[in-house]
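All remarks here apply to the structure that follows.
The values are calculated or read from the model by the stated rules, or taken from the named source; none is laboratory data. Please read these numbers as outputs of a predicted model, since none were measured by experiment. In this analysis, Cβ positions are derived from the backbone assuming ideal geometry, glycine residues included, and neighbour counts consider all displayed protein chains. Quick note on the areas: whole protein, heavy atoms, side chains included, nothing else; ligands and nucleic acids left out. Shrake-Rupley method; radii C 1.70, N 1.55, O 1.52, S 1.80 Å.
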Amino acid sequence: MDCVYCGSAVEEHDPVYVAEGAIDADPVPFCNYACLTTYVEEQGLTDDACCHWSPDGERAD
Ligand SMILES: [Zn+2]
């Protein structure tokens, strides 16, 4: 499979697979965590996506 971020063959690196949504969904391949995190940051996938966990067990929003 080719890395979603840089297009390299993930088998040549230290591949990381991300399953999004349904448990049986096709995994999204990345060469390594560097490609994964860069892709996530560039896509803005973490913007406002925090689960608002707090040590008090109360939602912070
Ligand atoms: Zn890559």
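Hey, got a sec? Which chymotrypsin sites (Phe, Trp or Tyr not before Pro) in the chain land in a DSSP loop and have at most 14 other Cβ atoms within 10 Å?
W53
Please compute the modelled spin-label separation between E20 and D2, points set 7 Å along Cα→Cβ, answer in nm with one decimal.
With each label placed 7 Å out from Cα toward Cβ, I get 1.7 nm.
Taking all protein chains as present, what is the carbon and sulfur share of the accessible area of the chain, in % to the nearest whole number, probe 1.4 Å?
49 percent
Given Cα pairs under 8 Å that are at least 6 residues apart, what percent is the relative contact order of the chain?
It comes to 26 percent, rounded to a whole number.
Considering only D24, D47, D14, give the residue with the highest GNM mean-square fluctuation for the chain, with springs between Cα atoms whenever their separation is below 10 Å.
Checking each option, the largest mean-square fluctuation is seen for D24.
To the nearest 10 degrees, how steeply does helix 33-43 sit against the main Cα axis of the chain, on a 0 to 90 scale?
Orientation of helix 33-43: about 60 degrees from the principal axis.
At V28 and E12, where each label point lies 7 Å from the Cα along Cα→Cβ, what is the point-to-point distance in nanometres?
Reported label-point gap for V28 and E12 is 2.3 nm.
How much accessible area per residue does the chain have, counting only protein heavy atoms and a probe of 1.4 Å, in square angstrom?
Accessible area per residue, the chain: 79 Å².
Would you kindly give the portion of the calculated P(r) for the chain that falls above 18 Å, as a percent of all Cα pairs?
Roughly 49 percent, rounded to a whole number.
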